[in-house]
1. For ALA114, are the conditions met, namely being farther than 30 Å from THR421 by Cβ, without any contact (Cβ under 8 Å) to a residue 12 or more places away in the chain, crowded, with 16+ Cβ neighbours inside 10 Å and hydrophobic (A, V, I, L, M, F, W, C)?
2. Taking SER215 and the conditions (1) within 16 Å of the ligand (Cβ to nearest atom); (2) crowded, with 23+ Cβ neighbours inside 10 Å; (3) over 21 Å from TYR422 (Cα atoms), which numbered condition does it fall short on, given that it satisfies the others?
3. Quick check: anything in the stretch 481-492 of a type outside the set (Phe, Trp, Tyr), in a loop (DSSP other than H, G, I, E, B) and free of Cβ contacts under 8 Å to residues at least 12 places away in the same chain?
4. Hand me the list of helices (runs of 4 or more DSSP H) wholly inside the stretch 65-151 holding 1 or more residues that are out of contact with any strand residue (DSSP E or B) (no Cβ under 6 Å at 6 or more places or on another chain) and over 30 Å from VAL20 (Cβ atoms).
5. Is it the case that the stretch 136-151 has a residue that's modelled with pLDDT of 95 or more and among the polar types (S, T, N, Q)?
6. Residue by residue through the stretch 41-60, note down the ones that are more than 7 Å from the ligand (Cβ to nearest atom) and either surrounded by fewer than 18 Cβ atoms within 10 Å (Cβ to Cβ) or in a strand (DSSP E or B) (or both).
7. Identify, please: which residue in the stretch 419-431 is closer than 18 Å to ASN293 by Cβ and near the ligand (Cβ under 8 Å from one of its atoms) and is, among those, surrounded by the most Cβ atoms within 10 Å (Cβ to Cβ)?
8. For TYR434, state whether it is within 12 Å of the ligand (Cβ to nearest atom), touching a strand residue (DSSP E or B) at 6+ places or on another chain (Cβ under 9 Å) and not in a helix (DSSP H, G or I).
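The values are calculated or read from the model by the stated rules, or taken from the named source; none is laboratory data. Computed from a predicted structure; not experimentally measured. Please note: Cβ atoms are built from the backbone with ideal geometry, for glycine as well, and neighbour counts cover all protein chains shown.
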Amino acid sequence: MKRKKCIIIGSGLGGLSCGVILAINGYDVTVLEQHSRIGGCLQCFSRGGARFETGMHFIGSALPGQTLDRLMRYLRLDDIRLSRLDPKAYDIVAFGSDRYRFANGREPFIEQMADYFPHEKDNIARYFDIIESVAQGSSLHSLRYADNDLMLDAHYQTISIDAVLDSLFTDQRLKDVLVGNLPLYAAEKGKTPFSQHAFIMDFYNQSAFRIAGGSDSIAESLAATIRRHGGEVRVGCQVSNIECDAEKATGVTTDKGEFLAADIVITAIHPKRVMEMLDTKMIRPAFKKRMMNLKNTTAGFSLYLKFKKDRVDYLNSNFYSFNSGSPWGCESYTDANWPKGYLYMHFCDSDAPRHASSGVILSYMNIRDVERWKDLPLGRRGDDYEEFKRRKAETLLDAVEKDFPGFRDGVETYYTATPLTYVDYTGTPDGSMYGVAKDITLGSACRVPQRTKVPNLLLTGQNINSHGMLGVIVGSIVTCSELFTSKTIYQQITDIDR
Ligand SMILES: Cc1cc2nc3c(=O)[nH]c(=O)nc-3n(C[C@H](O)[C@H](O)[C@H](O)COP(=O)(O)OP(=O)(O)OC[C@H]3O[C@@H](n4cnc5c(N)ncnc54)[C@H](O)[C@@H]3O)c2cc1C
């Protein structure tokens, strides 16, 4: 029987994981990537002998039998080398000199938090129960097949993180500590649903790992599996149009004018970009307008650090610091009080490093800060852009120096990425870190569906379900379920477990 031809636009985690699921299920897959390298946010780069990850620094739930471990084995990612973060302190949240450690596992997490906040011990246990029940209540996150694939308790999708924390705790510092890793999902007070917080907390609380050697190994491995199953991953192939006849998509046209016919087209890029590629009456103007105007999460500024040889001890924890006293509101800042918070991490270039050779400091940055350079070509944005980046880098270095006295002495050199860099490398509007923002005040208006009115055009990637390693892979399952049911996929995942 002739295999169905499926074209996937974008080779980030969404495009490649979707490609693997389809390829192992007999589809003829071609992934098209606009850049010369695959991976999107999974990409790494090397400078001066050091390696840097750009958008996937650590992952969770990867101990044998945990959710991501099962998904990685299903996606044939058994060859990825993981290095476990400190189970007693995978995340450290700092407010000035006060440090709070997150421990893996239910009892260790509750005990450690209760050491800091003994008067809230019972409430911490209640909080943990809610986190677990929200995450496990979702068939998508627990990988248990349910007929409707919906979360059993939708309440936590419609109530904000801060509202739930306010209902559980009286201690304001504890509430702030529990959202200390908020930069991982760029949550906003009164807007981001508690379910988003619960999924991330559960994901990393089960276990947390860095990817030894770099996140691009995930992209390479997924692409190799697609090729092994007869598929293709093409680079330097920017899609400019999705072609449709009166009833369906017929294929795509690239920027070089090449037409590639397809039975199914899957986009793994931002929905706004998808709408710009379509010219068909099947897409209603109201839907198009909604997709074009979706609100995105904030963008970021990344400062990549190359350390002097054997000078900096490897930090086996992620370090979040907030000089404004709270993780909330760091996306609203002035030039004078930026950065209100930052996340500092080391890269893991071998299985058990003693010293770090490179690291990154991440902080929020709005596109408006760099908008005046947006029409200038990459790499040639001028001296004032370079000066802007240098100034921001020095400010961030000063912030980390306050938390780690002597830190600057270990830095040999640094490189930077602004929101414009992310626009260039991923095509995400405004350089948004995590794509479309979940916002309870907008209701379903911020939801991006995996299917469209064009019957053979599907959407996937971080905007469908959620961002991140787990959110995007789960989104790929949701998208592929449109072609051969989620029950089949759950069964295949279970078969791999055996
Ligand atoms: C700074 C940062 C740090 C992060 N850290 C973590 C982390 O530690 N852990 C975690 O789990 N998640 C992390 N994330 C989130 C995670 O990286 C993303 O959610 C995920 O990788 C997104 O995958 P995607 O496939 O949806 O999109 P992308 O990775 O953005 O891929 C989209 C791809 O499509 C290509 N493309 C776009 N337009 C076209 C076109 N017209 N034709 C062809 N190709 C096109 C792009 O070039 C790109 O390769 C981080 C994100 C950022 C930005």
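1. Numbers: farther than 30 Å from THR421 by Cβ: yes; without any contact (Cβ under 8 Å) to a residue 12 or more places away in the chain: yes; crowded, with 16+ Cβ neighbours inside 10 Å: yes; hydrophobic (A, V, I, L, M, F, W, C): yes.
Taking the combined requirement at face value, the residue satisfies it.
2. (3)
3. Within the stretch 481-492, the first condition is being of a type outside the set (Phe, Trp, Tyr), and the residues that meet it are 481-483, 485-489, 491-492.
Still in the running and in a loop (DSSP other than H, G, I, E, B): 485.
Right, trim to free of Cβ contacts under 8 Å to residues at least 12 places away in the same chain and you get 485.
Yes, some residue in the stretch 481-492 is of a type outside the set (Phe, Trp, Tyr), in a loop (DSSP other than H, G, I, E, B) and free of Cβ contacts under 8 Å to residues at least 12 places away in the same chain.
4. Working: elements: 67-74, 106-116, 121-137, 139-142.
The qualifying helices (runs of 4 or more DSSP H) are 106-116, 121-137.
5. Residues of the stretch 136-151 that are modelled with pLDDT of 95 or more, as a first pass: none.
Within the stretch 136-151, not a single residue is modelled with pLDDT of 95 or more and among the polar types (S, T, N, Q).
6. The initial filter retains those residues of the stretch 41-60 that are more than 7 Å from the ligand (Cβ to nearest atom), namely 43-53, 60.
Once the filter is applied, which keeps residues that are more than 7 Å from the ligand (Cβ to nearest atom) and either surrounded by fewer than 18 Cβ atoms within 10 Å (Cβ to Cβ) or in a strand (DSSP E or B) (or both), the stretch 41-60 yields CYS44, PHE45, SER46, ARG47, GLY48, GLY49, ALA50, ARG51, PHE52, GLU53, GLY60.
7. Start the filter on the stretch 419-431 by keeping residues that are closer than 18 Å to ASN293 by Cβ, which leaves 423, 427-431.
Adding the requirement that they be near the ligand (Cβ under 8 Å from one of its atoms) leaves 427-428.
On the way: GLY427: 19, THR428: 27.
Applying the filter and picking the extreme gives THR428.
8. Values: within 12 Å of the ligand (Cβ to nearest atom): yes; touching a strand residue (DSSP E or B) at 6+ places or on another chain (Cβ under 9 Å): yes; not in a helix (DSSP H, G or I): yes.
For TYR434, the condition - within 12 Å of the ligand (Cβ to nearest atom), touching a strand residue (DSSP E or B) at 6+ places or on another chain (Cβ under 9 Å) and not in a helix (DSSP H, G or I) - is met.
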